[in-house]
Amino acid sequence: MAAIDDSPEPDNPVCGAYPPLVEAAWLYQADQVCPEDLPMTAAQALAMGMDTPTLCELAGLPRHADPRDIRDTFEQALEELGITLPDRYLARRYALHRLAARFTAGEVELAELASDEWSEMEIETAEEQAFVALLPACACCIEYTLGLDVAEWEAQLQIAARALDSHPAVGPHF
């Protein structure tokens with residue numbers, strides 16, 4: 001289930017890989033990262049000592065470059081670094097767990113949680129189901145889809161998010 005080759009060989013370029021680059025690979029696979037943000041992630045990885053020709057190329061791409069070019073270059077840079085893109089199913093579960101953690105930390109507003117993208121996700125645990133069940137399809141439908149006032153919904157969502165966040169994480173381990 002590991003997304004990177006973490007074997008102890010000294011010439012393995014991923015030993016000590018820049019964690020945000022690995023996380024970007026997981027979020028990229030879950031459609032949770034904007035392509036225009038990937039050049040900055042690559043530049044930060046370079047600053048932390050990661051170095052391949054394609055990573056340098058990616059870091060040099062402008063934010064407004066063709067998203068297909070950014071994606072292709074990002075995938076090639078990951079390949080050069082030995083970072084494997086995870087299974088889409090696992091990546092989506094990781095993104096859901098990350099969303100719950102960010103919500104409990106106060107980094108996500110209630111309106112940002114409204115999205116129909118989670119409703120079609122394959123759920124594996126009761127904690128995931130409880131959290132997803134409280135996520136409305138859109139911000140304007142909160143009252144209709146949940147039948148709750150916002151304060152009650154937020155309280156239930158906090159409980160579900162904490163339960164999911166305390167459950168063993170899916171995804172990269174740093």
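Table for the structure above
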{"item": "Rg(Cα) / (2.2 N^0.38 Å) computed for the stretch 72-111, rounded to two decimals", "result": "1.57"}
{"item": "Surface/4 estimate of mean projected area, convex hull on alpha-carbon atoms of the stretch 41-164, nm²", "result": "9.5"}
{"item": "Furthest towards positive pole of dipole, Gly82, Met40, Thr104, structure part the stretch 21-140, Cβ charges", "result": "Thr104"}
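Every number here is computed from the coordinates shown, using simple stated rules; none is lab data. Treat the numbers as computed from the prediction; the structure is a model and nothing was measured. Here Cβ is always computed from backbone atoms with ideal geometry, including for glycine, and neighbour counts include all displayed protein chains.
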